1. Considering only the range 44-81, state which residues are modelled with pLDDT under 80 and either hydrophobic (A, V, I, L, M, F, W, C) or closer than 30 Å to Leu105 by Cβ (or both).
2. Being surrounded by 21 or more Cβ atoms within 10 Å (Cβ to Cβ) and part of a loop (DSSP other than H, G, I, E, B) is the filter here; which residues of the range 217-243 pass it?
3. When you go through (1) over 19 Å from Gly122 (Cα atoms); (2) under 21 Å from the mean Cα position of the chain (by Cα); (3) crowded, with 21+ Cβ neighbours inside 10 Å one by one for Ser604, which number turns out not to apply?
4. Mind checking which residues of the range 103-120 are at pLDDT 80 or above and touching an Asp or Glu at 6+ places or on another chain (Cβ under 7 Å)?
5. Taking Val214, is it touching a strand residue (DSSP E or B) at 6+ places or on another chain (Cβ under 7 Å), surrounded by fewer than 19 Cβ atoms within 10 Å (Cβ to Cβ), more than 23 Å from Ser650 (Cβ to Cβ) and among the hydrophobic types (A, V, I, L, M, F, W, C)?
6. Can you pull out every residue in the range 635-644 that is hydrophobic (A, V, I, L, M, F, W, C) and either within 30 Å of Val617 (Cα to Cα) or buried (at least 17 other Cβ atoms within 10 Å of the Cβ) (or both)?
7. Residues in the range 232-291 that are under 27 Å from the mean Cα position of the chain (by Cα) and small (Gly, Ala, Ser): how many?
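The values are calculated or read from the model by the stated rules, or taken from the named source; none is laboratory data. Computed from a predicted structure; not experimentally measured. Reconstructed Cβ throughout: ideal geometry from the backbone, glycine too, with neighbour counts over all protein chains shown.
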Amino acid sequence: MSHANRHTVWVRLLLLSLIACWPTHVGIAAERPTESTTPAQPQGQAVELEPVVVTATRTEMKLKEVPASVTVLTKEDIAQSGALAVDDLLRQIPGFNTFRRSSSLFTAPQQDPEAQGVTLRGVGPGGASRALVLLDGIPVNDAFGGFLYWGELPLENIERIEVVRGGGSNLWGSFALGGVINIITKTPEKRTVETKLSAGNLGTTDDTLSYTDVVGPLRVGLYGNFLHTDGYNIIAPNQRGPIDQDSGSEHKTFNGRLEYSPASNLSLFLRGAYYTEDRNLGTPLRVSDTDRGFIAGGGTLRTADGSEWQLTMFSHLTTFNEQFSRINDPRTSESVKQIQQVPSTDVGGAFTWTRRFFTDHLLTAGTDFRLIDGETRDTFVDPSGAISEVRVSKGEQNFFGFFIQDVYTPIPRLQIALGVRIDHFEIFNGSVASTATVPAVTPIPDQDRTVTSPKLAFRYQLLDGLALRGAGYQAFRAPTLSELTRESSVEGLKLLPNRRLGPEFLEGGELGFDFWGLPGLNARITAYWNNLRSAIVPVGDEDERTPQNIGSARIRGIEADLEYRLTRQWTLTGSYLYSEALIMDSPQDRDLEGKRLTQVPWHSATVGVRYTNPALVNVLVQWRYEGKKFEDADNMDKLAGYYVVDLTLSKPIPPLAFLPTFKGGQIFLAIQNLFDRQYDTDKGGGILKIGTPFSIQGGARLEF
């Protein structure tokens, strides 16, 4: 850490300490009454507010009526997590995985295209995402590679996160093969300035500033975030050499939001964002940077017949640059190996209609599209430093879909959701142009396909406090342009594209119970089964891997979630996932049959204890475990299981009489990996990389 950074960190910690020590019984303004429709609760009994879920049925439904396996993380969960990135927050949900265990703060998605692909329930035999991530209903998966730029989704701007497991292609199409994660941001409610200042070890600072205002029918929101970390040395100590250094990053994002409601039945919105990141990837020559712009607009209209019409349009413009290097065996020197630039654009939109018929039918229908254009520009350098090849690989994808769903409630205790979607996708204008010894242009085969994705789900309340739910579905995922065109590497492991990849298809089902029959207790258990045909799996050895469509894979398991609010102050939480993910059929390589899918752990679990006492302190202790898994399709390289303990302390700051504009806030101290346990994240190229060490962050959230 530089001297200037150290100075900044210690000044911030000193200011936060002064705030923390300010006596809360002196000079406190009278508490402002708040409006509430919740009846008074008996002393000691927990109060539970029921959230609304949008993603499960692409319509608003109460959580206890949704015929799906859903987890909701509230803004209170987010504030108490201590996480600095959304992917680190979501790791507390068993079944959520990025293809690598490493945090997005220290592993760029473009450094390893397998690193930040999102999976749910182990449906993820390769690096590309098998789960769709939405921001207020708008896709944010990178159009070119399917991976996520988690840094463009700052936690301080999030109201809640909804995680819907199970095939979601019937409503959302290709990227939703294994489920949907919808991130709901905060709506501007009043004139407010909010800021977060935090600092900690690893040279990490995380600062945010937001402004919201409401002027008549107009709502305005402006939001900025700056995160810097010096990082840590990601190479295992016994393999480090003089060339290895800390892997750090810097992220900046700015969001603007306008909402206009000229009438009670009409609302319009316009949103824009800009995100940039710079990364040092662990050696002097391994660096990357990304610039990403986003714009979206649309509106909602409610008509006299009870219909709701929604229109959304969006576009992303992304460019990332990456420099790869080769390192000698003692890791004493390195040289440039590959210089890569990947520009891509996507344009999309959706038009949705919802209306209730005969009081017991909620009908939703709509259409959406996404047009993607991207290319990879590579300059390859030989060991002597001369350019050996310049290569440009490019392609386009078009996705068009139509969906319809009916949620039927024949009796109050029973909900039945029946939906179907028809998708047509094209992959075209693809080619690889090379200036190697013999210049050549090789076409990428065009693909043109129509896919039908049905789903039937139900939820039946057997008793007061006990419900049975189930679902059967089909889903699909088309290969990304990255899988078709992009070459990259992890240490000495070369990751090659496959121009002839086709889509993969999933048939699945699940059955589960929801229980809330005891005061303060909510529990959910689900058994699921999935068959993944033509699964895209990275196949190869320790030197090269290429994604291939194998015959089939079977993914089945059991997931359980529990929350028990013992009193108003004490809450216990627990969740668990068992996943059996096996290759069942592989005509290309029969030796793979019966092997585990790469990067899918057998077991994962989270246990937490929360103590809430605003007058004293709020405490969350969380134990997270992930079992062993394999790095490769041959199941030769095993990543051992591990556990870490996280601790978060927070205390509200009340309004102060001598500072009328100050509305209150919170001070916090967050520790990740409390006992500084070393755990494996990657063995690509035979070099072992390790996860985030002990990390402490202190800060304050202030509202004016």
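1. Within the range 44-81, Ala46, Val47, Leu49, Pro51, Val52, Val53, Val54, Thr55, Ala56, Met61, Leu63 qualify.
2. Ile234
3. (1)
4. Ser103, Ser104
5. Criteria not met by Val214.
6. Pass one, the range 635-644, residues hydrophobic (A, V, I, L, M, F, W, C): 636, 639-640, 644.
Matches in the range 635-644: Leu639, Val644.
7. 9
To keep it simple, each residue is scored yes or no on (1) touching a helix residue (DSSP H, G or I) at 6+ places or on another chain (Cβ under 9 Å); (2) under 18 Å from Ala478 (Cα atoms).
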| position | (1), (2) |
| --- | --- |
| Trp353 | no, no |
| Asp360 | no, no |
| Ala365 | no, no |
| Leu371 | no, yes |
| Glu375 | yes, yes |
| Phe380 | no, no |
| Gly385 | no, no |
| Glu389 | no, no |
| Val392 | no, no |
